[in-house]
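Following: one structure in structure tokens, then a few remarks.
The values are calculated or read from the model by the stated rules, or taken from the named source; none is laboratory data. None of the values given here were measured: they were computed from a predicted structure. All Cβ positions, glycine included, derive from the backbone under ideal geometry; neighbour counts span all protein chains shown. For the accessible areas, the whole protein counts, side chains as well, though only heavy atoms, and no ligand, DNA or RNA atoms are used. Shrake-Rupley method; radii C 1.70, N 1.55, O 1.52, S 1.80 Å.
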Amino acid sequence: MNSSRRAIIDEIKESLDEIRDKIDEVRDEEQESYDNLPESFQGGELGEKMQSAIDTLDEAMSSIDEVSEYLDTAAA
């Protein structure tokens, strides 16, 4: 792979890092909101929805990490 294509991959990875950071911020805010719920709400429908959102955001961040690794492999 030539240097101009590697540079494009680097730009893509930077964009992915920014997106991952934004997802992480939202996930942290949702986790904090969940943690501040009374236990009775955490076990209820609202708490379950919030926990599901947190888990899904974790999966999204893991997927971005995986894409970043693929890009590293492609650029090697």
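General remarks:
- Counting charges near A75 (Lys, Arg +1; Asp, Glu -1) among other residues having Cβ under 14 Å from its Cβ returns a value of -2.
- On Cα atoms only, tilt of 45-75 relative to the major axis of the chain in degrees: 10 degrees
- Cα-based helix-to-principal-axis angle, 3-35 vs the chain, degrees rounded to 10: 10 degrees
- Protein accessible area in the chain, 1.4 Å probe - carbon and sulfur %: 49 percent
- Solvent exposure of the chain as accessible area per residue, Å², 1.4 Å probe: 72 Å²
- Listed residue (L37, M1, I64) projecting farthest to the positive dipole end of the chain, Cβ model: M1
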